[in-house]
Amino acid sequence: MIKAKNITKSFGSLQVLKGIDLEIPQGKLYSIVGPSGAGKTTLLQILGTLSLPDTGSVQIKDRQVFSLSERQLAAFRNQEIGFVFQFHYLLPEFNALENVCIPAFIAKKSKKEAEEKAKELLSFLGLGHRLTHKPAELSGGERQRVAVARALINDPAVIMADEPSGNLDTKNREDLHDLFFRLRDRFNQTLVIVTHDENFARQSDKIIRMKDGRIEE
Ligand code: ADP
């Protein structure tokens, strides 16, 4: 599903990624671990097309993403990559259902189609009774599940998550991790997750251990 070759990236004189090669098959959950500053977020942002590498290529679903025009890439990203971050970035003035629909509207889906899919996802995530709640009226765990539903609305090729449970208490963290495994098992969803949680990483299909800009193991 994802093939990255010879990814390098520097910020000024600091080389943060020193030649990363990576292949992630469909339907697998890969975790990226490593000490702070190892380059995990930078790698995830490049795999997710949010940031350009200095060298190298990223192929997602047979598309060389950095050969696309800026406009094509924005559409591709909205369609094929679902992001979940440590902070949910939901829009406070919209309710759960509306937040989840946003990427579908950007992809020009009809209101009816978007809302049907959003309701289905929110129900699957145990939030069928929270459709009209605004983010401030939801718990931290619920907000993060709304963010996951938003990431899933366009049936993306891959979910990319950066410390998605970093801001949650133990119970909500475990629920979110279970949810990621359910998405893999039930929908054959491909997921790439940066995490500090070794216990979660151990349960994933593969651990990519980064150190100092390289894949150590
Ligand atoms: P990790 O996610 O493993 O903690 P990051 O990819 O966030 O590591 O960062 C790797 C290194 O790159 C760090 O030293 C960080 O300070 C630096 N870095 C990340 N993004 C930028 C940026 N936009 N500008 C300058 N330095 C950056």
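Each reported figure results from applying straightforward, stated rules to the coordinates on display, with no laboratory input. If you're wondering where the values come from, they're calculated on a predicted model, not measured in any experiment. So basically every Cβ, Gly included, is an ideal-geometry build from the backbone, and we count neighbours across all protein chains shown.
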Review point. Just from its helices, what would the mean residue ellipticity at 222 nm be for the chain, if runs of 4 or more DSSP H residues each count -39500 (n - 2.57) and the sum is divided by every residue, rounded to the nearest 500 deg cm²/dmol?
Key: -11500 deg cm²/dmol
Review point. How are the Cα pair distances of the range 2-215 distributed, in percent, across 10 Å bins from 0?
Key: 8, 34, 36, 18, 3, 0
Check your understanding: How big is the gap, in Å, between the Cα center of the range 2-28 and the Cα center of the range 104-136?
Key -> 34 Å
**Study point:** chymotrypsin sites (Phe, Trp or Tyr not before Pro) restricted to DSSP loop in the range 36-109 with at most 16 other C-beta within 10 Å
**Key:** Phe87, Tyr89, Phe94
Study note, to complete from the structure: For the chain, the longest principal axis of the Cα atoms and the Cα long axis of helix 111-124 enclose an angle in degrees, to the nearest 10, of 80 degrees
Revision key, fill the gap. The answer for trypsin sites (Lys or Arg not before Pro) in the range 74-159 that fall in a DSSP coil and have at most 13 neighbouring Cβ atoms within 10 Å is Lys108
Study note, to complete from the structure: Counting only DSSP beta bridges with both partners in the chain, the antiparallel fraction in percent, to the nearest 5, comes to 50 percent
Review point. Against the longest alpha carbon principal axis of the chain, how many degrees, from 0 to 90 and to the nearest 10, is the axis of helix 140-152 turned?
Key: 70 degrees
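Sequence gap at least 6, Cα distance under 8 Å: using those rules, report the relative contact order of the chain to the nearest whole percent.
Rounded, it is 32 percent for the chain.
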Review point. Could you state the number of Å between the C-alpha centres of the range 33-80 and the range 181-217?
Key: 17 Å
